[in-house]
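Before any comments, here is the structure.
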Amino acid sequence: MPNAIRIHEVGGPEVLKFESVSVGEPGANEARIRHTAIGVNYIDTYHRSGLYKVALPSGIGSEGAGVVEAVGAGVTEFKPGDRVAYSGGPIGAYAEVRVLPSDRLVKIPEGVSDRSAATLMLKGLTVQYLLRQTYRVKAGDTIMLHAAAGGIGLIACQWARALGATVIGTVGSDEKAALAKANGCTHTIVYTREPFVERVKELTGGKGVPVVYDAVGKDTFPASLDCLSPRGLFVSFGNASGAIPSFDILLLSQKGSLYVTRPTLVTYTSKRSDLLAMAAEMFELVRTGKLVNDPRQSYALKDAAQAHRDLEARKTTGSTILLP
């Protein structure tokens, strides 16, 4: 039988168990995938820890790439042997083989590796909606991005550079600053020793930025609001340091009639036509060399717990994959 990572209780990385599982035939509108690479994302730690509730016992993981082994009734878009990638749908990507709804799959185009695709379907599509839909970044914009050397951060820096934008990014070390700059971040702020609000104001001539993208959460709020220009947009899409606490909505008016949003990839890709259009734009950037996202760390599937330890200890940069 194939193997998968399962959780029977919430907690630290030690609750991730490598187990044999039974994987049946795909049902109607489903496909069975044999993974070649599996993406690791910070949201996986939220499911494991219980911050985001899941019914137990459960699989874990939201992103992967592989080869179609079989399809169920009603599936006409895919056939055995197709290279595919996905994000979303039922969690359970940390597995050698799995069955999932075929409407979450996209074909991996020529010129894009499975390993790259496995790191892009969640993080890359997240960057697509952040930069192209939540706030439509255009040439000449100056934007702010927390965790600029992270998995999403490096993709966002490259994508923003391709759009002609200036990126101000926060990072945790000089090494991460160099990495972010190599990927298109114009100005880096090492937040462990530099007050980022003052630096943003300095870099923008006191104007602030029209948008702040934040996956850090508690540690960067509400200071991030002070980086915004009047009527600016604060985009919260993660909680790496913990959830943002409740706050008085009047704070937004006091700081310049600000907007706040908490978007999710699930919402933006709920229509298959939107999913396909977003993926096509992303893969075209990869195909033309404007977006490079080869994984910077890889672990065996059975070592998923160590991957989580390193991710939460901020020992990783860029994207991480598990290999079945």
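The values are calculated or read from the model by the stated rules, or taken from the named source; none is laboratory data. All figures in this text were calculated on a predicted structure; none of them were measured in a lab. Don't worry about glycine lacking a Cβ; one is built from the backbone with ideal geometry, like all the others, and counts go over all protein chains shown.
Determine if the range 209-220 includes at least one residue that is within 21 Å of Arg132 (Cα to Cα), of a type in the set (Gly, Ala, Ser) and surrounded by fewer than 18 Cβ atoms within 10 Å (Cβ to Cβ).
For the range 209-220, residues within 21 Å of Arg132 (Cα to Cα), of a type in the set (Gly, Ala, Ser) and surrounded by fewer than 18 Cβ atoms within 10 Å (Cβ to Cβ): absent.
Which of the residues belonging to the range 213-253 are among the polar types (S, T, N, Q), in a loop (DSSP other than H, G, I, E, B) and in contact with a Phe, Trp or Tyr (Cβ under 8 Å, 6 or more places away or on another chain)?
Across the range 213-253, the qualifying residue is only Asn239.
Give the range 271-299 a look and list any residue that's farther than 18 Å from Tyr86 by Cβ, in contact (Cβ under 8 Å) with a residue 24 or more places away in the chain and among the small types (Gly, Ala, Ser), or say none. Walk me through how you get there before you give the answer.
Here is the first cut: in the range 271-299, the residues farther than 18 Å from Tyr86 by Cβ are 284-285, 287-292, 294, 296-299.
If we keep only those that are in contact (Cβ under 8 Å) with a residue 24 or more places away in the chain too, we end up with 285, 287, 290-292, 294, 296-299.
Within the range 271-299, just Ser298 meets the criteria.
Go through (1) under 11 Å from Tyr94 (Cα atoms); (2) touching a strand residue (DSSP E or B) at 6+ places or on another chain (Cβ under 6 Å); (3) among the charged types (D, E, K, R) one by one and return the number of the condition Asp44 breaks.
(2)
Condition check ((1) among the acidic types (Asp, Glu); (2) within 15 Å of the chain's Cα centre (by Cα); (3) at negative phi; (4) surrounded by 23 or more Cβ atoms within 10 Å (Cβ to Cβ)) across all residues:
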site: Arg32; (1), (2), (3), (4): no, no, yes, no
site: Ile38; (1), (2), (3), (4): no, yes, yes, yes
site: Arg48; (1), (2), (3), (4): no, no, yes, yes
site: Lys53; (1), (2), (3), (4): no, no, yes, no
site: Ser62; (1), (2), (3), (4): no, yes, yes, yes
site: Ala95; (1), (2), (3), (4): no, no, yes, yes
site: Asp103; (1), (2), (3), (4): yes, no, yes, no
site: Lys123; (1), (2), (3), (4): no, yes, yes, yes
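Among (1) modelled with pLDDT under 95; (2) within 23 Å of Ser270 (Cα to Cα), which single condition is Ala93 missing?
(1)
Of the conditions (1) modelled with pLDDT under 95; (2) under 21 Å from Ile143 (Cβ atoms); (3) in contact with a helix residue (DSSP H, G or I) (Cβ under 8 Å, 6 or more places away or on another chain), Ala223 clears all except one; give me its number.
Status for Ala223: all satisfied but (1).
Residue by residue, here is whether (1) modelled with pLDDT under 95; (2) over 17 Å from Ser62 (Cα atoms) holds:
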| residue | (1), (2) |
| --- | --- |
| Leu251 | no, yes |
| Lys255 | no, yes |
| Leu258 | no, yes |
| Thr261 | no, yes |
| Tyr268 | no, no |
| Glu281 | no, yes |
| Arg287 | yes, yes |
| Ile321 | no, no |
